[in-house]
Amino acid sequence: MTGSAPLLLAYLASSLLFILGLKQMSHPRSAVRGIVIASMGMLVAIVATLLDPQVAGYTYIVVGLIVGSALGAYLALSVEMTSMPQMVGLLNALGGGASTLVAWADLELSQNQTVDTLIAVGLSGLIGTVTFWGSLVAYAKLEEFKKFKKPFSLPMQPVINGALLLLALVFIGMLATADAGTGQTTSYVLILVVASVLGLFLVLPIGGADMPVVVSLMNSYSGLAGAATGFVIDNNALIIAGSLVGASGVILTQIMCKAMNRSLVNVLFGKMAGGSSGG
Amino acid sequence: KTAILVGSLTVFLLAVFVGFEVITKVPPTLHTPLMSGSNAISGITVVGAILTAGHSLGGFGAILGMLAVVLAMVNVVGGFLVTHRMLKMFKKR
């Protein structure tokens, strides 16, 4: 991590606020306080970043902040209470997409990246894109769009998904060893293409009733994508917040499965009778 | 350089454990707000988005960064507001 001490301490404070907020959010009495604490953590992180001397121009940032905040506020305030789960799915898709874009932007902007940074760029793109498409499908299923109502899967779907994942990892390897410039960009775009197909294939076979569990799992992925982005830009706030969401998301998904009397493996591979070990 | 990577990995793994520990025995009524709240937190990637959008090189990379700021901010602002609305509902009941 690079940067002045106050900046790094601000990121530390922000991480602690996230942990405290999440902890309070998991109890009914303190839940409202928890969300306020967590949003304070986000505010601290954003303000600290804006004051970072690395930032050279504010035009793009201000445009992005205003457009994004306005759109986010509009969506959140206009959505019906009954449509909350799909709204979470949609927002989650955007979070994953953001991680994909940050990693790509970093690839274009930073020269002489080390192999481990390039691997983090690749992982960020892979997980972010899977989250993006997977969450969008979850959103479409919860909104009950007709085309997405029926579970769709190819024969041997887990095997195909496994092969796609392997292919994506090969492309990450290509990215890590490619020459700076077009070679890297091409590898990165290939990762995004494979990850898009994989994201669709992962969620399309799952029925609408299991979607809340899927959204929770995708939420966990978007956290991991954020953590991977943290490795790319070498920032502890992203690594901590991302892995916090990633890990708590996995636990939350498991708890939700238990509450619905389903096993996670059953949800993910429900269509494959007895083939639960595949994939 | 290796020290930085190992340092980051240390932070990552410790935070994973904190994440596991923080969520314990959540009542089912809090599943959706908690999911939504942690979703908003995952918008922390906005930090990376701001740094790339304001990069001195500008160009295509900075435009990608600006798009990332938009997406991440929708995630952050939308996520926290939606969660707040959900939790307000609980209080009334």
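We did not get these values from a lab; they are worked out from the coordinates using the rules stated. Source: prediction; values computed, not measured. Heads up, the Cβs are rebuilt from the backbone with ideal geometry, glycines too, and the neighbour counts pull from every protein chain shown.
Counting Cα-Cα pairs of the protein assembly as shown in 10 Å increments starting at 0 gives whole-percent bin shares of 6, 26, 36, 24, 8, 1, 0. Per residue of A:31-42, other chain Cβ atoms within 10 Å of the residue Cβ number 6 on average.
Here the 3J(HN,Hα) profile of segment A:14-31, calculated from phi with Karplus coefficients 6.51, -1.76 and 1.60 at θ = phi - 60°, is 4, 4, 5, 4, 4, 5, 4, x, 5, 4, 5, 5, 8, 10, x, 6, 9, 4 Hz, Gly and Pro shown as x. Inter-label distance, A:Ala209 to B:Thr29: 2.5 nm, where each label sits 7 Å from its Cα along the C-beta direction.
Would you work out the charge dipole size for chain A about its Cα centre, treating the Cβ of every Lys and Arg as +1 and the Cβ of every Asp and Glu as -1, and quote it to the nearest 20 debye?
Details: 11 positive and 10 negative charges, 220 e Å.
In debye, rounded to 20, chain A gives about 1060.
Counted over chain B with a bin width of 5 Å, the fraction of Cα pairs per bin, in whole percents, is 3, 12, 14, 14, 16, 17, 12, 7, 4, 2, 0. Given the pairs A:Lys147/A:Lys258; A:Lys147/B:Lys25; A:Lys23/B:Lys1; A:Lys141/B:Lys25; B:Lys25/B:Lys88, which span a C-alpha to C-alpha distance of over 32 angstrom in this model? Listed pairs above 32 Å: A:Lys147/B:Lys25; A:Lys23/B:Lys1. Short to long, the 5 Å bins of the Cα pair-distance histogram for segment A:84-279 hold 1, 9, 16, 19, 20, 16, 10, 6, 3, 1, 0 percent of all pairs. Calculated mean residue ellipticity, 222 nm, chain B: -24000 deg cm²/dmol, from DSSP H runs (n ≥ 4) at -39500 (n - 2.57) each, averaged per residue and rounded to 500.
Can you tell me which of B:Leu71, B:Leu14, B:Leu34 moves the most in a GNM of chain B? Springs connect C-alpha atoms under 10 Å apart. Looking only at B:Leu71, B:Leu14, B:Leu34, the largest GNM fluctuation is found for B:Leu14. In chain A, the DSSP-assigned H stretches of four residues or longer account for a calculated mean residue ellipticity at 222 nm of -26500 deg cm²/dmol, using -39500 (n - 2.57) per stretch and the full residue count as denominator.
Taking the empirical scaling 2.2 N^0.38 Å for compact globular proteins as reference, segment A:84-124 has a Cα radius of gyration ratio of 1.48.
Between B:Thr2 and A:Val63, the distance separating the two model label sites (each 7 Å from Cα on the Cα→Cβ line) works out to 4.5 nm. Please identify the DSSP H helices in chain B that span no less than 24 Å along the helix axis (Cα) and have a mean Kyte-Doolittle hydropathy of -0.5 or more. Span-like helices, by this rule, are B:2-22.
Once Rg and the Kirkwood radius are both taken over the C-alpha atoms of segment A:1-78, their ratio Rg/Rh works out to 1.06.
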